[in-house]
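Before any comments, here is the structure.
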Amino acid sequence: MDYHGYQSLSFTAAGRAARLVAPRQAAPGRPWIWRSEFFDHEPQADLALLACGFHLAYLQVSDLYGCPVAIRDMAAFQDALIAEHALAEKVVLEGFSRGGLYAVNYAATHPGRVAGLYLDAPVMDLLSWPGNRRDEGTRACWIECLRAYGVEEAALGALSPIHRVETIARARIPILVVVGDADEVVPVRENSAVLERRYRELGASITVIHKPFTGHHPHSLRDPAPIVAFARA
C-alpha cells in the first residue's frame, strides 16, 4: 500500500487495525513517530520526518479516550514494532486533539518507552472536553468516554492526563505543544496552559508554539520545521 509515495504496511496488532509507513532509507537507530489519533490529518510533520528517515506508526484505538484498555493495547503494539521491525526502543508520540489523551496517558504509564511528546491542540482535561458537553455531539462523546473508562461521572476528571504530569516530568520527557490561541473546542487555558505551568513548575522541558487568531483547526504548522527539529533532537 502506498502512503504519499512511501511503502505502507497494514496489519493487525492487539486485535486492532495498525499501519507502519517506512522511509526510503531508515535513519540510524531506526527512529519513529507514532500518531495516536487522526492518521493522515495535516500530515506535513509526518511526511517531513519520513523524508528524514523516521518510520510512521498508527494503531486504531479510536473512541477509547486514552483509557487503560487503549494504553494496554498500545504497549502491545510498541512491543510488536520493536520485535518485528527493529524500531527504536523509545518513540516520539504525536497527539492531535483527543489524541493528546492517548499520548500523555501512555507516557505517564510507560515513561521509559517515550522519547518525546508532540502535542497539537491537545485535550488534557476530560472535564474540559468532552466534559463541557456544549452540543449534542460532545455530549455523545462524554457518554462514550464514561463507558470507555467504566467509571461514574464524578470520578472521570481525576483520571485526566493533566493529573499525571509529574510522572512524565520525573522521566524528563521533553514536550512540544502547538496551539491555536482562539481554540474554543479545547480551550488553551483549561488544557495546554495548565500543562505548561505544571511542567515548568516541575523543572521539565516544554516548548509551546502559539498560533494567534487560530482556533482548534488547522492543526500542525504550515512549515513543520520546528516539529521536525524537536523529534530529531
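What follows draws every value from the coordinates through simple rules; no lab data is involved. Keep in mind it's a predicted model, so treat the numbers as computed, not measured. Because the Cβ atoms are built from the backbone with ideal geometry, glycine has one as well, and the counts that use them run over all protein chains shown.
Summary of computed values
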item: Packing rank of 116-127, 178-189, 50-61, where each peptide gets the mean count of other beta carbons within 10 Å, highest leading; result: 116-127, 50-61, 178-189
item: Nearest-20 debye value, the range 87-233 charge dipole, Cβ charges on Lys, Arg, Asp, Glu; result: 440 debye
item: Coil-residue GluC sites (Glu not before Pro) of the range 101-160, DSSP, other Cβ within 10 Å capped at 12; result: Glu152
item: Of Thr207, His219, Ile162, farthest towards positive along the dipole that unit charges on Lys, Arg, Asp, Glu beta carbons give the range 153-233; result: Thr207
item: Among Pro28, Ala121, Thr138 the positive-end extreme of the charge dipole of the chain (Cβ point charges); result: Pro28
item: Chymotrypsin sites (Phe, Trp or Tyr not before Pro) restricted to the range 147-233 and DSSP loop, no more than 14 other C-beta within 10 Å; result: Phe213
item: Cα-centre dipole for the range 1-155 with unit charges at Cβ (Lys and Arg positive, Asp and Glu negative), debye to 20; result: 280 debye
item: Beta bridges by DSSP in the range 16-128, antiparallel share as percent, to the nearest 5; result: 25 percent
item: The range 78-127 - charge dipole about Cα centre, Lys and Arg +1 at Cβ, Asp and Glu -1, debye rounded to 20; result: 80 debye
item: Per-peptide average of other Cβ atoms within 10 Å, ordering 15-25, 201-211 highest first; result: 15-25, 201-211
